[in-house]
Amino acid sequence: IFSVFMAVDEPWSPEISVLMPVKNAMPYLPYAAMDALCQSGVRVEVIAVDDGSTDSGGHFLRELEELLRGGCEPAQKRLKSEVSLVPHDHVAEVCPVTSHVLVHVSSRGRAVDVEDVTNPCEVLPLRQLAADSTGMEPIAELPVADVAAAVQGYDARLRVLQGGAGQGAALDAGLQAARAPLIAHMEADDRYGSHRMQLLMSVLHSTPDWTGVLSTVELFGWERPGMERYITWQNSLLTADDHARYRFVELPGLHQTGLYRASALKEIGGYRDLPDWPVDMDFWGRFFESGLKVGKISDPQAVYRWRQHPGQSTRTHGRCSLENLRMCKAHFLAGRQGGPARNREVQVWSVGSTLIAWAEEMRKHCKSVEAVEYKPGRPMPVQEKRLLCAPSRPIRLFAFGSDKVRQRVLQCVTSFD
């Protein structure tokens, strides 16, 4: 009954390894660690990688690891705060939504939609975040002993590694140390329910052509309409074809909502920390470039609860800027292993500074790039109408910053490949 507290050297084989990069995640970390460890019907190891925390998070992890390794007094029942899926904090959101570039790429023989529906978070200066975050309600502290008591009865282990080289390096260190054939990722400030991993594992086992399975997302904390629209769009993509088709629109799913086959993740090179773009966009670019498949389930018991607060790297890291996201998308559009613009002529259709920026970025990767000034809703240029029927047409990349404008593009250019 207390298998969770067996000695580390006794035979035990996890079914799922949960990677949890941690950097200054207090006071949210105890709740996330508890949710990751308290998974029903599945053997789970949580690999927490302390990525240079300067708060008390590193101490919390080491103390919890020691408690779980050595055992503690059985709890008569779990604390209400531990079993509740509804957090007791209400964090106001500071990040304004900004609609960015919208792109539709058409390639001969298949359709590929490419769009920044919204890069939901503007990168804000830390000084502004500090000013805007005043008046936030504090989250109740969760003692390490309470977390250890909650984990009793679950078949789970915690391993703490030392990182310090960035989120991608922390994730990759966890991946290399993982012992399970399936890999999950949880952010150190998020939440989810106790049946989540069992449900994802069941779907992945029954869908052998999928490399991973994602879940839908629920926002909580500092919510904003723009982020809600982004997650609503993301939650609407369920099939493997949906995720592949819309991968250049924005991220078709949050990486941390998924369960993946460890062998495939290692084959594509694991995780990387690059100075030019986000870790998750780099991961998905290489994932789809390699022809791997991922789908999504909408079971409410598997939902991933994504906490919104001003300290998120989504809101503060320079790699998430519009310029960096454009750089990443252009790189994989012209990717060496099957990007839709590889070895093709490219036309960028847009207006103003967006047209100039996308044309310049694509010229770094493609030999022939033409900039076409075009406002959706107006008649297409005569010479471009002719190209629609040409036996070998260029890739057409439509770059705009509004979903309404994208719909006009779809209405005007109806014969996409």
### Query
List, please: which pairs have Cβ atoms under 7 Å, are six or more places apart or on different chains, and start with a residue in the range 141-170 that is in a helix (DSSP H, G or I) and end with one that is basic (Lys, Arg) and modelled with pLDDT under 95?
Ala150/Arg78; Gly168/Arg272
#### Entry: From the options Arg307, Arg229, residue that is open to solvent by 50 Å² or more (accessible area, probe 1.4 Å), at pLDDT below 95 and not in a loop (DSSP other than H, G, I, E, B)
Arg229
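Yes/no per residue for (1) under 18 Å from Arg336 (Cα atoms); (2) modelled with pLDDT under 95; (3) part of a strand (DSSP E or B):
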{"position": "Gly253", "(1), (2), (3)": "no, no, no"}
{"position": "Ser263", "(1), (2), (3)": "no, no, no"}
{"position": "Asp273", "(1), (2), (3)": "no, yes, no"}
{"position": "Gly291", "(1), (2), (3)": "yes, yes, no"}
### Query
Which one of the conditions (1) touching a strand residue (DSSP E or B) at 6+ places or on another chain (Cβ under 6 Å); (2) assigned to a helix (DSSP H, G or I); (3) among the hydrophobic types (A, V, I, L, M, F, W, C); (4) open to solvent by less than 10 Å² (accessible area, probe 1.4 Å) does Leu175 fail to meet, given that it meets all the rest?
(1)
### Summary
Selection over the range 140-160 where residues are among the hydroxyl-bearing types (Ser, Thr, Tyr) and farther than 24 Å from His195 by Cβ yields a count of 0
### Message
Given the criterion out of contact with any Lys or Arg (no Cβ under 9 Å at 6 or more places or on another chain), β-branched (Val, Ile, Thr) and in contact (Cβ under 8 Å) with a residue 60 or more places away in the chain, identify the matching residue among Val294, Val279.
### Response
Val294
### Query
Does Ala359 satisfy the condition of being of a type in the set (A, V, I, L, M, F, W, C) and touching a helix residue (DSSP H, G or I) at 6+ places or on another chain (Cβ under 7 Å)?
no
### Query
Name the pairs: first residue in the range 400-414 and more than 19 Å from Arg229 (Cβ to Cβ), second residue among the small types (Gly, Ala, Ser) and open to solvent by 40 Å² or more (accessible area, probe 1.4 Å), Cβ to Cβ under 8 Å, at least 6 apart or on different chains?
Cys412/Gly377
### Query
How do the pairs read when you match residues in the range 353-377 that are under 13 Å from Leu333 (Cβ atoms) with residues anywhere that are open to solvent by 90 Å² or more (accessible area, probe 1.4 Å), using Cβ under 6 Å and keeping only pairs 6 or more apart or on different chains?
Val369/Arg363
### Summary
Scanning the range 260-298 residue by residue, those open to solvent by 40 Å² or more (accessible area, probe 1.4 Å), within 22 Å of Gly166 (Cα to Cα) and not hydrophobic (A, V, I, L, M, F, W, C) turn out to be Lys266, Glu267, Gly269, Arg272, Asp273, Pro275, Asp276, Asp280
#### Entry: Counted residues, the range 26-62 - those being aliphatic (A, V, I, L, M), under 17 Å from Ala170 (Cβ atoms) and open to solvent by less than 10 Å² (accessible area, probe 1.4 Å)
9
### Query
Are there any pairs, at least 6 apart or on different chains, whose C-beta atoms fall under 9 Å, with the first in the range 242-271 and on the phi > 0 side of the Ramachandran plot and the second open to solvent by less than 10 Å² (accessible area, probe 1.4 Å) and modelled with pLDDT of 95 or more, and if so, which?
Gly270/Leu171; Gly270/Leu175; Gly270/Phe283
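The values are calculated or read from the model by the stated rules, or taken from the named source; none is laboratory data. From a predicted model like this one, the values you see are computed outputs, not experimental measurements. Heads up, the Cβs are rebuilt from the backbone with ideal geometry, glycines too, and the neighbour counts pull from every protein chain shown. These accessible areas exclude ligands, DNA and RNA; they are computed on the full protein's heavy atoms, side chains included. Shrake-Rupley method; radii C 1.70, N 1.55, O 1.52, S 1.80 Å.
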